[in-house]
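One structure is given here, and the rest of the page talks about it.
The values are calculated or read from the model by the stated rules, or taken from the named source; none is laboratory data. These numbers were taken from a predicted model, which means no experiment stands behind them. Neighbour counts run over all protein chains shown; Cβ positions are idealised from the backbone, glycine included. Ligands, DNA and RNA are excluded from the accessible area calculation, which covers all protein heavy atoms including side chains. Shrake-Rupley method; radii C 1.70, N 1.55, O 1.52, S 1.80 Å.
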Amino acid sequence: MATVLSVSGSPSATSRTGRLLRHLDQRLIAQGHEVVPLDVRTVPAEALLGADFRHPAIVEATELFARADGIVVGTPVYKASYSGVLKALLDLLPQYALTGKTVLPLATGGSIAHVLAIDYALRPVLNSMGAAHIVQGWFTLDRDITAHEDGSLTIAPDADEALGQVVDQFSTALGRTPYLAAAS
């Protein structure tokens with residue numbers, strides 16, 4: 001099947017966003033996809049903030065994006081937008097790093113007031129980077145995600161069902177992407 005790069009844009013090692021992504025990675029793996037996780041917080045700050053395009057971590061991240069057929073981008077919402085650490089990485093990628101890619105944008109946040117952050121903040125950036133297809137994204141409220149000390153995760157049933165549907169739509173869309181990527 002497809003290779004999926006699963007990008008967590010959370011600056012926190014214990015974030016709900018990151019744990020949610022790793023949970024969804026398992027669904028994609030069960031569907032036969034190869035999933036490569038990337039936690040942007042692990043990219044050295046001096047490379048991100050210094051805009052060091054030649055730093056080995058930036059080069060590696062750029063290669064991961066290039067090799068992927070699909071990208072899942074997850075971010076917590078801060079001040080009605082995606083995280084600064086995610087922005088810093090996206091700014092360092094080539095202008096058309098998402099050309100031919102199918103992309104699933106996901107966001108988490110504390111209030112439904114930020115539900116449109118995917119469509120008004122993140123989607124335009126992903127589109128400008130050449131994404132072939134941006135599937136319907138999903139915003140999950142923090143209160144619907146319970147992270148346990150043992151590393152496990154509990155998702156409220158309605159949120160879990162909705163997330164399952166968008167991940168399945170993404171998985172289905174990935175089946176069509178190779179033809180778009182080959183035409184590029």
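Take the chain, mark every one of the trypsin sites (Lys or Arg not before Pro) that falls in a DSSP loop and has at most 13 other Cβ within 10 Å, then report the longest stretch left between them, sites excluded.
Numbers: sites that count: R54, K79, R176.
Longest run free of exposed loop sites: 80-175.
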In nm², the average projected area of the convex hull spanned by the Cα atoms of the stretch 1-81 is 5.7
Show the residues, 5+ positions off or on another chain, whose built amide H is closer than 5 Å to the amide H of A2.
E34
Using modelled amide H (1.01 Å from N, peptide plane; none on Pro or chain starts), what sits under 5 Å from the amide H of T108, excluding residues fewer than 5 places away?
T75, V77, T140
Would you kindly derive the ³J(HN,Hα) couplings of the stretch 12-25 from the backbone phi angles with the Karplus curve 6.51 cos²θ - 1.76 cosθ + 1.60 (θ = phi - 60°), listing them in order in whole Hz, with x for Gly and Pro?
9, 6, 10, 5, 5, 4, x, 5, 4, 4, 5, 5, 5, 4
Going residue by residue through the stretch 69-85, the Karplus relation 6.51 cos²θ - 1.76 cosθ + 1.60 with θ = phi - 60° gives ³J(HN,Hα) values, rounded to whole Hz and with x marking Gly or Pro, of 7, x, 10, 9, 10, x, 8, x, 9, 10, 6, 6, 8, 6, 5, x, 5
If you take every DSSP beta bridge fully contained in the chain, what fraction is antiparallel? Give it as a percent rounded to 5.
15
So how much accessible area does Y96 have, in Å² to the nearest 10, using a 1.4 Å probe?
150
What do you get when you divide the Cα radius of gyration of the chain by 2.2 N^0.38 Å, with N the number of residues?
0.96
Using a basic spin-label model with each label point 7 Å from the Cα along Cα→Cβ, how many nm lie between Q136 and I112?
1.7
I want to check the label-to-label distance for K79 and E34. Put each point 7 Å from Cα in the C-beta direction and report it in nm to one decimal.
3.9
